[in-house]
Amino acid sequence: QVQVVESGGGLVQPGGSLRLSCVASGSSRSIDAMAWYRQGPGEQRERVAVITYGGVTDYSDSVKGRFRISRNNAKDTVYLQMNALKPEDTAVYYCLAVISSDDYWGQGTQVTVSS
């Protein structure tokens, strides 16, 4: 049974930084892509950043230049470094692990950007 667990959310002031972590455990297969999504109040879930097993990345325009996704394949872990945070970044952030075309989601971690 694959489990995906996020951590690192919290309250931060505008302009501040946070680092999210996500661990995917319980799989005997390699994790293909890992991604971060977010869902703000009253909004649809949107993809923030994705990284392949080989390290190729892609970002949404709204976070490009401020967020950085990285992963440690040996630890089945993905990170999201978020800098220059804005109030509109406030959302629940979800981690996705793709394993052999199957999607595994975490429960989410709340990020609130407010003064």
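The values are calculated or read from the model by the stated rules, or taken from the named source; none is laboratory data. Everything quoted here is computed from the prediction, not taken from an experiment. Here the Cβ is made from the backbone with ideal geometry for all residues, glycine too, and neighbour counts use every protein chain on show. All accessible areas refer to the heavy atoms of the entire protein, side chains included, with ligands and DNA or RNA removed. Shrake-Rupley method; radii C 1.70, N 1.55, O 1.52, S 1.80 Å.
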Inset, instruction - Run down 98, 113 and say which single residue is in contact with a Lys or Arg (Cβ under 8 Å, 6 or more places away or on another chain) and open to solvent by less than 50 Å² (accessible area, probe 1.4 Å). - result: 113
Inset, instruction - Scan the range 12-64 for residues that are open to solvent by 20 Å² or more (accessible area, probe 1.4 Å), among the small types (Gly, Ala, Ser) and closer than 14 Å to residue 108 by Cβ and report the count. - result: 1
Legend entry - When residues of the range 70-95 are limited to those that are among the aliphatic types (A, V, I, L, M) and either open to solvent by less than 30 Å² (accessible area, probe 1.4 Å) or in contact with an Asp or Glu (Cβ under 8 Å, 6 or more places away or on another chain) (or both), the one nearest to residue 30 (Cα to Cα): 78
Inset, instruction - Evaluate the following for residue 107: is it in contact (Cβ under 8 Å) with a residue 24 or more places away in the chain, in contact with a Phe, Trp or Tyr (Cβ under 7 Å, 6 or more places away or on another chain), of a type in the set (S, T, N, Q) and closer than 20 Å to residue 9 by Cα? - result: no
Legend entry - Search result, residues across the range 1-60 that are touching a Phe, Trp or Tyr at 6+ places or on another chain (Cβ under 9 Å) and acidic (Asp, Glu): 6, 32, 46
Legend entry - Every residue from the range 1-11 that is closer than 17 Å to residue 72 by Cβ, open to solvent by less than 50 Å² (accessible area, probe 1.4 Å) and assigned to a strand (DSSP E or B): 4, 6
Legend entry - Scope the range 65-90; condition farther than 19 Å from residue 109 by Cβ and among the polar types (S, T, N, Q); matching residues: 73
Inset, instruction - Considering only residues that are of a type outside the set (D, E, K, R) and in contact with a Ser or Thr (Cβ under 9 Å, 6 or more places away or on another chain), look in the range 28-39 and name the one that is nearest to residue 52 (Cα to Cα). - result: 33
Inset, instruction - Might you check whether a residue that is in a strand (DSSP E or B) and either over 13 Å from residue 4 (Cα atoms) or without any contact (Cβ under 8 Å) to a residue 24 or more places away in the chain (or both) occurs anywhere in the range 25-34? - result: no
